[in-house]
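Just so it is clear, none of the values below were taken in a lab; they were calculated from the coordinates. On a predicted model such as this, the values are computed, not experimentally measured, just so you know. No Cβ is skipped: glycine too gets one built from the backbone with ideal geometry, and neighbour counts run over all protein chains shown.
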Amino acid sequence: MAHAKNNLINASNPSFTSAAKAAQFNPTNPANPFPPPAVAYCHGLWQQHGFQFTVARARRTRLGDYRHSPLTGHRISVNGNLNSYAFLFTYLHEVAHLLTQHQCGGRRGRVRPHGKEWKLNFQRLMEPVFAAPVFPPDLRTVLQRHLANPAATTAGDPALLIAFRRYDEVVADHRMLSELQPGETFRLGSRTFVKEITRRTRALCREVATGRKYTVPEVASVVTITEDQ
């Protein structure tokens with residue numbers, strides 16, 4: 001595995017203040033977003049591969065992001081609203097993109113973003129966290145199955161998404177669409193729907209305001225609405 005020379009651990013590096021570094025890579029700090037047994041490993045990757053790391057606000061279209069340019073260097077961000085296991089998984093997903101860029105940047109047009117090179121790097125990055133007691137047994141089983149052929153996104157593997165959500169902080173009225181029965185009303189974003197029928201991994205839902213029908217992933221997180229709301 002190719003390793004980039006660390007060029008961020010110096011006094012002029014703007015990617016981390018000392019306080020931010022301590023908070024995000026200190027296993028005893030409540031602000032640390034990683035599972036405690038994985039903190040040293042994740043910190044080591046940051047030191048070794050030289051990238052700017054940001055804990056981002058929640059984004060609806062992505063859980064994490066990797067970007068690179070000659071001017072700004074390597075940048076990785078992960079949504080801060082993820083539970084610690086999903087945060088770790090997403091972090092390593094994005095680091096795998098960085099490694100693939102290091103190895104294959106010269107033939108960028110011939111390397112798919114989530115092709116065989118990225119899959120191999122991701123699998124290798126996950127090996128140390130499987131060697132340590134990081135993931136609970138139920139999540140570990142689902143992850144091992146997923147990593148046989150990693151998907152481009154967590155949403156691309158409904159079983160994995162459901163497994164991660166078991167460890168989310170419980171929020172009143174928030175449920176997965178798969179948990180609702182036909183006829184139940186729910187809110188998705190600012191729009192209100194009624195669930196009608198399930199078609200494999202998606203549900204046919206009717207928007208209350210317009211009467212139009214849409215298919216919504218069964219793993220979507222929705223807000224249930226009772227009759228008195």
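Tabulate in residue order the Karplus-calculated ³J(HN,Hα) for region 126-136, using 6.51 cos²θ - 1.76 cosθ + 1.60 with θ = phi - 60°, rounded to whole Hz; enter x for Gly and Pro.
Ordered by residue, 3J(HN,Hα) equals 7, 4, x, 6, 7, 6, 10, x, 9, 9, x Hz.
Could you list the chymotrypsin sites (Phe, Trp or Tyr not before Pro) in region 50-158 that lie in coil according to DSSP, counting only those with at most 15 other Cβ atoms within 10 Å of their Cβ?
Hits after loop and neighbour filter: nothing returned.
Apply the Karplus parameterisation 6.51 cos²θ - 1.76 cosθ + 1.60, with θ equal to phi minus 60°, to every residue of region 178-189 and state each ³J(HN,Hα) to the nearest whole Hz, in sequence, with x for glycine and proline.
Calculated HN-Hα couplings, in order: 4, 7, 8, 8, x, x, 7, 9, 8, 10, 10, x Hz.
Between region 36-55 and region 61-80, what is the C-alpha centre distance in whole Å?
14
If a/c stays under 1.5 just call it rounded; otherwise compare a/b with b/c (prolate if a/b is bigger, oblate if not). Do that for region 174-225, with a ≥ b ≥ c from the square roots of the Cα gyration tensor eigenvalues.
oblate
Stretched out fully, how many nm does the piece from Gln48 to Ala155 gain, at 0.36 nm a residue minus the Cα gap?
Roughly 35.6 nm would be gained on extension.
Subtract the Cα-Cα distance of Ala132 and Ala209 from 0.36 nm times their separation in residues, and report this length gain in nm to one decimal.
The Ala132-Ala209 span can extend by a further 22.7 nm.
Which value in nm describes the separation of the simple spin-label points at Arg57 and Arg202, placed 7 Å from the Cα toward the beta carbon?
Distance between label points: 3.0 nm.
For Arg145 and His102, what does the FRET efficiency come to when R0 = 35 Å and r is the distance between their Cβ atoms, rounded to the nearest 0.05?
Given R0 = 35 Å and the Cβ-Cβ separation, E is 0.80.
Quick one: which residues, 5+ away or cross-chain, put their amide H under 5 Å from the amide H of Thr192? H built at 1.01 Å from N.
Val208, Ala209
Loop-only GluC sites (Glu not before Pro) in region 166-198, please: DSSP not H, G, I, E or B, and at most 11 other Cβ atoms within 10 Å.
Here the sparse-neighbourhood loop sites are Glu169.
What percent do you get for the relative contact order of region 174-225 when only Cα pairs under 8 Å and 6+ apart count?
42
Classify region 44-102 as rounded, prolate or oblate from the Cα gyration tensor: take a ≥ b ≥ c as the square roots of its eigenvalues, call it rounded if a/c is under 1.5, otherwise prolate when a/b beats b/c and oblate if not.
Prolate is the answer for region 44-102, as a/c is 1.5 or above and a/b outweighs b/c.
What shape does region 57-207 have by the C-alpha gyration tensor, where a ≥ b ≥ c are the square roots of the eigenvalues, rounded means a/c under 1.5, and otherwise prolate means a/b greater than b/c and oblate the rest?
In terms of gyration-tensor shape, prolate.
Just want the ordering: Asp138, Asp65, Asp157, from fewest to most Cβ atoms lying within 10 Å of their own Cβ.
Lowest to highest Cβ neighbour count: Asp138, Asp65, Asp157.
Stretch Glu179-His68 to full length: gain in nm at 0.36 nm per residue minus the Cα-Cα span?
36.0 nm
Once phi is turned into θ = phi - 60°, what whole-Hz ³J(HN,Hα) does the Karplus curve with 6.51, -1.76 and 1.60 give for every residue of region 200-217, x standing for Gly and Pro?
With the stated coefficients, region 200-217 comes to 6, 9, 10, 10, 7, 10, 9, 6, 5, 5, 10, x, 6, 10, 9, 9, 10, x Hz.
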